[in-house]
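The values are calculated or read from the model by the stated rules, or taken from the named source; none is laboratory data. Treat the numbers as computed from the prediction; the structure is a model and nothing was measured. All Cβ positions, even for glycine, are placed from backbone atoms using ideal geometry, and neighbour counts span all protein chains on display. All accessible areas refer to the heavy atoms of the entire protein, side chains included, with ligands and DNA or RNA removed. Shrake-Rupley method; radii C 1.70, N 1.55, O 1.52, S 1.80 Å.
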Amino acid sequence: MVLINTTDVTPQNARILKALSAEDSSIRLQAALAAGSNADSAFLGTLVERCAVEPDFFVRDMLSWALTRLSPEITLPRIRQELDSERNQARSQALHTLSKIGDQNTWAWISRDMLRDADDEVARTAWRVAVVLVPEDEDAEKDLVDELVLQLGRGDRGMQLSLSRAFADLGDVSRPALERAAEHPDPAVAAHARATELLRQNPETDFDVAFEEAKRVATLGPERAAAVAAATPAGTRTCETAEPTETTESPEAAEPVRGSEAADC
């Protein structure tokens with residue numbers, strides 16, 4: 001339970017603060033909307049604390065939105081504290097909120113430990129935030145690419161797609177590192193790198209199809225893979241799909257940064 005200090009809080013705001021901890025998620029959602037619509041610094045602590053424990057995806061996203069409605073001068077220092085939290089959700093939601101605020105000065109807060117975080121949701125959120133906040137400087141972008149390359153082959157389909165989108169959004173600066181990674185001795189890393197480069201070149205590419213093709217190339221080699229593809233009737237090629245998974249991303253952030261997400265087969 002989040003403790004609420006109602007000292008010097010108006011009766012209306014006190015009701016909103018209390019509703020943020022209601023059992024009914026629809027009430028919590030409306031309370032988060034009200035907090036953002038009536039931005040008051042009195043909401044700051046409770047909004048941040050609720051982000052760390054809120055089980056409902058849509059409520060969490062509304063909580064982050066409410067935080068963006070407050071003054072960055074008071075919000076950012078409090079969010080920065082959450083980046084060091086021992087609670088995975090606190091860290092991932094703090095990162096998510098940073099991406100929504102979009103203050104370039106917070107780039108320095110995105111550490112390598114965050115990009116490598118053992119928790120998948122924290123790591124994938126850190127990737128997205130890093131791409132949003134990285135300075136428009138070639139050296140900084142290359143350093144980020146070199147760090148993200150270390151994560152190729154990690155996780156399930158959703159995790160890998162998130163990383164591929166990060167590379168795609170970074171643009172041409174990603175190409176040399178992805179080409180090198182495509183020759184990696186680990187087939188999983190090589191396949192992910194090849195599929196990512198295909199997606200980067202053409203955001204309309206079906207990620208699942210690209211990944212299956214990349215796996216064939218990584219396993220068989222370019223010449224044998226091409227021969228197999230030529231010998232396989234086009235109508236018999238299929239791709240695997242994965243069940244959607246909940247993430248800390250907002251609905252709009254879940255869309256590809258460039259182009260549309262690949263259609264299901």
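Odds and ends about this structure:
- Selection over segment 174-199 of residues that are part of a helix (DSSP H, G or I) and open to solvent by 30 Å² or more (accessible area, probe 1.4 Å) gives a count of 8.
- Selection count, segment 31-83, where residues are within 19 Å of residue 9 (Cβ to Cβ), of a type in the set (Ser, Thr, Tyr) and crowded, with 21+ Cβ neighbours inside 10 Å: 2
- Count of segment 137-152 residues which are modelled with pLDDT under 95 and outside any helix (DSSP H, G or I): 1
- Any chance residue 94 is touching a residue at least 24 places away in the same chain (Cβ under 8 Å), more than 13 Å from the chain's Cα centre (by Cα), buried (at least 17 other Cβ atoms within 10 Å of the Cβ) and within 22 Å of residue 20 (Cα to Cα): no
- Contact map, segment 24-47: first residue within 15 Å of residue 75 (Cα to Cα), second residue surrounded by fewer than 19 Cβ atoms within 10 Å (Cβ to Cβ) and aromatic (Phe, Trp, Tyr), Cβ cut-off under 6 Å, separation 6 or more or different chains; pairs are 36/65.
- Single residue of 112, 124, 128 found to be basic (Lys, Arg), closer than 24 Å to residue 176 by Cα and surrounded by fewer than 20 Cβ atoms within 10 Å (Cβ to Cβ): 112
- Counting only residues that are under 14 Å from the mean Cα position of the chain (by Cα) and open to solvent by 20 Å² or more (accessible area, probe 1.4 Å), segment 132-150 holds 1 of them.
- Counting only residues that are assigned to a helix (DSSP H, G or I) and over 16 Å from residue 90 (Cβ atoms), segment 19-53 holds 17 of them.
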